[in-house]
1. If I take R0 = 30 Å and measure r between the Cβ atoms of residue 56 and residue 14 in this structure, what FRET efficiency does the formula 1/(1 + (r/R0)^6) give, to the nearest 0.05?
2. Using Cβ contacts closer than 10 Å as the measure, can you line up 195, 225, 201 from fewest to most?
3. Percent relative contact order of the range 2-99, based on C-alpha pairs within less than 8 angstrom and at least six residues apart?
4. Which residues in the range 145-164 have a backbone N closer than 20 Å to a point placed 7 Å from the Cα of residue 130 along the Cα-to-Cβ line?
5. Can you pull the one-decimal nm distance between simple spin-label points at residue 176 and residue 272, each 7 Å off the Cα toward Cβ?
6. Counting each pair of different Cα atoms once, what's the Kirkwood radius of the range 2-99 in Å, rounded to one decimal?
7. Per residue of the chain, what 222 nm ellipticity follows from adding -39500 (n - 2.57) for every DSSP H run with n ≥ 4, rounded to the nearest 500?
8. Can you pull the one-decimal nm distance between simple spin-label points at residue 263 and residue 201, each 7 Å off the Cα toward Cβ?
């Protein structure tokens, strides 16, 4: 069973070109399910992927507080594995998901930082310390470019075009996009490179590195954003992705076209970008209620 899961993860990584973050999520869901099946004596081979075992697992997760969105993701992980196993001819039972009801998830609006919170998080003053210079650049790249955490970590110095003032980003499915950057960010990048190049270490070829020269890793970025957000923001559940949400929402609030924001975010579908229009509409309503003469009646 473990071998089948390992082959499936390799399939996602190599043939489907899923990111490390996504493949780890699939692997985690599958191993969690297999652990449940083993502990509750459902078996250890592919027969555990029966609708009864899957349903029992989902019931337990829901009873322990798992939300609909989380359950849907876990179902998707198992569905993908079963579909792969059927295509490989190693799963010969009827598709168990024909008997599984997928919970509907309510549309949750993305949390965003307000402009005063962002100002404090993005401009913490100048410092000659490597960690401070790098951390300030990380926060600005995430917000000013709307980067995913994986995209930030994968950036290389060669991706920065200082003449054209753009950054080339490789997103999901290895799709590349070009993002324009401001003078302010150019200066921050140059300052960071100046400080970084003074490190007497063998450096990785990544733009963002640790002080020992190794590549930045996802958990370090997460902790940085969480620490700063905990200090300067009122949002309780924070992550690097909130800076991406804020980037998109603030662009729309200031008149950017939806298709432009879609391109900057690297979304494959306009539907993925439209979630940000709600907060933009709410902003318009707020302005209307403050400015329209009849609004106070």
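1. Numbers: r = 33 Å, r/R0 = 1.09.
Approximately 0.35, to the nearest 0.05.
2. On the way: 195 18, 225 23, 201 12.
Result, fewest neighbours first: 201, 195, 225.
3. Numbers: 48 pairs, mean separation 26.9, N = 98.
In percent, rounded to a whole number, it is 27.
4. So the set is 153-158.
5. 1.9
6. Working: mean 1/r = 0.0727 Å⁻¹.
One decimal place: 13.8 Å for the Kirkwood radius.
7. -17000 deg cm²/dmol
8. Taking the simple label geometry, residue 263 and residue 201 are separated by 3.8 nm.
Here, each number is a calculation from the coordinates, and none is a lab measurement. Because the structure is predicted, anything quoted here is derived from the model rather than measured. Here Cβ is always computed from backbone atoms with ideal geometry, including for glycine, and neighbour counts include all displayed protein chains.
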